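Comments concern the structure below.
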Amino acid sequence: MQVLLRRAIQRTLAFPFNRLRISTAMMDTEGQRTGKPRRRQRHSGARAAAPAYAAPAPLGPRPSGPALPHFQQQANMSSTTKESLTEATFASFQLSDATLRGINEVMGYTNCTKVQAETLPATLQGLDVVCKAKTGTGKTLAFLIPGIERMLETPAGRDKIAMLIISPTRELAAQIAEEAKQLTKHQNLGVQVMFGGTNMNRDISDLQRRVPDVLVATPGRLLDHLQNTGTLPPMLSNLRMLVLDEADRLLDMGFRQEIEKLVRMLPPKNGRQNMLFSATYPSNIRELAGIALRPEYQVVDTVGEEDTHAAETVQQHYLITSMEDQNAHLLAAIRQHMREDPSYKIIAFFVTARVTQFYCELFQAMGIPVLEMHSRKSQAQRTKAADQFRASKGACIMFSSDVSARGVDYPDVSLVAQLGLPMEKAQYVHRLGRTARAGKSGKGLIILGDYEAAFLNCLSDLPITEAPRPSAQVFTDSQAAVEAGLAKTDYATKAQAYRTWLGFYKGFCKLCKWDPTRLVQAANHYAATLGCPEPPPIEKRTVGKMGMKGVPGLNIVASLENEGGRGGGGGRQGHGRSSQVPPRGGRGGPFYMFSKSSFIKDAWLCSLAPLGYDLDAGKQ
């Protein structure tokens, strides 16, 4: 017993307590502390004096001072951020010493990107701003810096949240929280992140342990807390700053009503500073700005006219084929690219999370390892896959749903493949934007069924040409490999892919020129291409929700309780939980529902619009 006690004391003494100033819902580091959280230290109000004009500092980290860890060096920032660097320095703004230390010493930055240089003059004066900026250009710091400075000048008060950041996905929310932790390393400020797929009681426990100064959240989880728990609302009563990040994506994902509800539930907008960041500035973004921002807000455009980057630097090809030949063409295209470029780095997008899961299992069965990225994976699994793909120097493939279409920077992607319809032209372009970064070239291929060919009309202004077809022998070999792989793929995975495919394409019947009967016939044909001997079953209640009661051809059952399969991190090959039981880390089954505050989003209920595409967004 004495030996165990001695070892425990030694571990305690060796533990780096200086790292525990940041509280997050993902890492329960605060729970390891033995004492009460330190009280927030009041800011002295002293700021670093603006230096006299001098020649611009060289780009990159300052040569003086202690060596920075490799991952913190400015030279190792994302390729997109490097392209956006300017000669303006953070030291040229009147920032607090602690904030400058966080930027220079911890993050390793000295120079501003374009979005930072153009927004900080307005935001540091307390003005509301709508910023049109591309993903990966440093906009996170552009809103974190003025937020931190504002709360230091005018603290929100004891047990109050000063800054609220709303992000469309868990990945983006986690990235923002991580940057906030780095920025505030030399300040006694707390950061917490909340998103769906995690325990709400854990969120509440973290909030009660220490009220964060900065809260990053996804819309669904934030609305859950505001409507269903009494813990969070009082903490937001003296909010100093609201940030809507990736606002256009928030609307694309169907969060318009939720954002409007959230804004109404917060203190009046006139009592806080508000910022909205978006890659585009259409009429719906202007309407949202009118709701969330004060009337005198400024518009900062760092993008200009419609971005033609992808059209100029990506070799774009399309392939129209029959439904039964799509799998073989995808395999042939990926194999050909692997032969042509030994340092290949491929990302392929699919229409739903369950379809993505199916193709991951199929390619694994064919002996081609792929990383799996979609909303049915747990957050830990998604983070691991993203980190692995980002760090890879080549010979790596990732299959993804649209959780990776925007907001994540993966360097050196050589090919972006898309199988099936994108939600719209903008989504096609955003997916394509994963390649051809930092001045490098890239390739794009979209494979469409003959029933989807009308989508090419949306791309008529892009330099996209028909892809050469593989030789007869190559195609025959690909077909044989697909047939062998299908025989090894779990039936439950095929059934789940079939059901979400049906839900997705229900929103595109007009484009495909289908009525409900023809839609079901096409879905059943799709099931056959997956290797299903008959149409997989669908629950009776789901058919009713889809508005397809009485449509012939559906295999309707009372319950799917006996169907196995993987959930968000469950087992493989049918040994996971029942498809109707949500596994830990994600909701399993063919559809999922939020608690009543988070608007039901059903993979089948595409009456919500083509946004129903298995709604990866709904998992956030």
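Brief remarks on what is shown
- Total residues in segment 259-276 satisfying the condition of being surrounded by fewer than 19 Cβ atoms within 10 Å (Cβ to Cβ) and of a type in the set (S, T, N, Q): the figure is 1.
- From the options Gln182, Gln187, residue that is out of contact with any strand residue (DSSP E or B) (no Cβ under 8 Å at 6 or more places or on another chain), within 30 Å of Gly108 (Cα to Cα) and not in a loop (DSSP other than H, G, I, E, B): Gln182
- Single unsatisfied condition, Lys506 versus (1) under 22 Å from Phe363 (Cβ atoms); (2) surrounded by 22 or more Cβ atoms within 10 Å (Cβ to Cβ); (3) modelled with pLDDT under 95: (1)
- For first residues located in segment 210-221 and not assigned by TED's automatic domain parsing to the domain that holds Lys261, partners that are among the small types (Gly, Ala, Ser) and assigned to a helix (DSSP H, G or I) and lie 6+ apart or on another chain with Cβ distances below 8 Å do not occur.
- Within segment 392-409, considering residues that are modelled with pLDDT of 80 or more and not small (Gly, Ala, Ser), the one farthest from Trp501 (Cα to Cα): Lys393
- Exactly one residue among Tyr526, Tyr451 is buried (at least 18 other Cβ atoms within 10 Å of the Cβ), of a type in the set (Ser, Thr, Tyr), in contact with a Phe, Trp or Tyr (Cβ under 8 Å, 6 or more places away or on another chain) and in the same structural domain as Ala417 (by TED's automatic domain parsing), and that residue is Tyr451.
- Residue in segment 480-492 that is under 21 Å from Val557 (Cα atoms) and buried (at least 20 other Cβ atoms within 10 Å of the Cβ) present: yes
- Considering residues of segment 367-397 that are outside any helix (DSSP H, G or I) and hydroxyl-bearing (Ser, Thr, Tyr) only, the residue farthest from the chain's Cα centre (by Cα): Ser392
Let's see how each residue does on (1) surrounded by 20 or more Cβ atoms within 10 Å (Cβ to Cβ); (2) closer than 21 Å to His430 by Cα; (3) assigned by TED's automatic domain parsing to the domain that holds Glu483:
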position	(1), (2), (3)
Tyr344	no, yes, yes
Cys360	yes, no, yes
Cys396	yes, yes, yes
Ser401	yes, yes, yes
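- Counted residues, segment 104-150 - those being more than 15 Å from Val243 (Cα to Cα) and among the acidic types (Asp, Glu): 2
- Looking at Ile176, Ile165, just one residue is under 22 Å from Ala247 (Cα atoms) and in a helix (DSSP H, G or I), and that residue is Ile176.
- Subset of segment 362-394 (residues that are touching a residue at least 24 places away in the same chain (Cβ under 8 Å), more than 24 Å from Gly442 (Cα to Cα) and out of contact with any Asp or Glu (no Cβ under 8 Å at 6 or more places or on another chain)): Leu362, Ala365, Met366, Arg376, Lys377, Ser378, Gln379, Ala380
- Total residues in segment 529-541 satisfying the condition of being touching a Lys or Arg at 6+ places or on another chain (Cβ under 8 Å) and either among the basic types (Lys, Arg) or crowded, with 20+ Cβ neighbours inside 10 Å (or both): the figure is 3.
- Taking the conditions (1) under 21 Å from Gly138 (Cα atoms); (2) touching a helix residue (DSSP H, G or I) at 6+ places or on another chain (Cβ under 7 Å) in turn, Leu172 satisfies each one other than (2).
- Residue match in segment 239-258 (condition: buried (at least 22 other Cβ atoms within 10 Å of the Cβ), of a type outside the set (A, V, I, L, M), modelled with pLDDT of 90 or more and part of a helix (DSSP H, G or I)): no
- Screening the candidates Ala454, Ala426, Ala438 for the property of being modelled with pLDDT of 90 or more and among the aliphatic types (A, V, I, L, M) yields one hit, Ala454.
- Qualifying residue in segment 346-361 (condition: without any contact (Cβ under 8 Å) to a residue 24 or more places away in the chain, closer than 21 Å to Tyr491 by Cβ and assigned to a loop (DSSP other than H, G, I, E, B)): no
- Scanning segment 129-140 for residues that are within 18 Å of the chain's Cα centre (by Cα) and of a type in the set (A, V, I, L, M) yields a single hit, Ala133.
- Hits in segment 504-533 - residues which are in a helix (DSSP H, G or I), within 17 Å of Gly553 (Cα to Cα) and of a type in the set (D, E, K, R): Lys506, Arg518
- Filtering segment 196-219 to residues that are in a loop (DSSP other than H, G, I, E, B), within 14 Å of the chain's Cα centre (by Cα) and modelled with pLDDT of 90 or more leaves only Thr218.
- Taking the criterion of being over 22 Å from Val211 (Cα atoms) and hydrophobic (A, V, I, L, M, F, W, C), the residues of segment 224-277 that qualify are Ala247, Leu250, Leu251, Met253, Phe255, Ile259, Met275, Leu276, Phe277.
The values are calculated or read from the model by the stated rules, or taken from the named source; none is laboratory data. From a predicted model like this one, the values you see are computed outputs, not experimental measurements. Every residue, glycine among them, receives a Cβ derived from its backbone with ideal geometry; neighbour counts consider all protein chains shown.
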